[in-house]
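Please treat every number below as a calculation from the coordinates, not as lab data. All of these numbers come straight from a predicted model, not from anything done at the bench. Here the Cβ is made from the backbone with ideal geometry for all residues, glycine too, and neighbour counts use every protein chain on show.
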Amino acid sequence: MFSLETFTLEVKTTGDTDIMDLTLAVAEKVQQSRVAAGLLNLFISGSTAALTTIEYESGVVNDLRAAIERLFPRELHYEHDARWGDGNGYSHVRAAFLKPSLNIPIEDGRLLLGTWQQIVLLDFDNRPRQRRIRGQIMGIRPANG
């Protein structure tokens, strides 16, 4: 039987390239859906945050944060800041490159993540935010499930 489940995760972030592990919360939603095989889609609304996967370990997280700063430095001139005066032009550029959505296959009722792969939210804004991540779980549920 085909199933489509939609859910929302809400998290508070600190901004300034806050990187948060969402894996356990998302895996719990997949388990609750009872979908055996299918696809998970995650999407974060807003233009200053992104979703990706990474090994959520302090060294790698710090390396990612440093790499993002090297690629998209906060101290550059951003026309967005000149127009709006909110000082977060860099966060819009960072989010555009890392993207707001993520798709992960589901097999045997579990996310097909690698051993050291976790789902993370990256909040690039220059202030704390309340973030809302929408998820859709699409797939086949066993006839008895």
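Some notes on this structure:
- Filter result for residue 35 (farther than 22 Å from residue 8 by Cα, outside any strand (DSSP E or B) and of a type in the set (Val, Ile, Thr)): no
- Those residues of the stretch 99-144 which are loosely packed, with under 14 Cβ neighbours inside 10 Å and among the β-branched types (Val, Ile, Thr), in sequence order: 115
- The one condition in (1) assigned to a helix (DSSP H, G or I); (2) within 12 Å of the chain's Cα centre (by Cα) that residue 59 fails to fulfil: (2)
- Only a single criterion out of (1) more than 25 Å from residue 8 (Cβ to Cβ); (2) aromatic (Phe, Trp, Tyr); (3) in contact (Cβ under 8 Å) with a residue 60 or more places away in the chain; (4) not in a loop (DSSP other than H, G, I, E, B) is not satisfied by residue 43, namely (1).
- Cβ-Cβ distances below 7 Å connect the following pairs, each with a first residue in the stretch 90-105 that is assigned to a helix (DSSP H, G or I), a second residue that is polar (S, T, N, Q), and a separation of six or more residues or different chains: 91/48; 91/126; 92/47; 92/48; 95/47; 95/48; 98/52.
- Each residue in the stretch 60-74 was checked for being without any contact (Cβ under 8 Å) to a residue 12 or more places away in the chain and of a type in the set (Lys, Arg), and 1 of them qualify.
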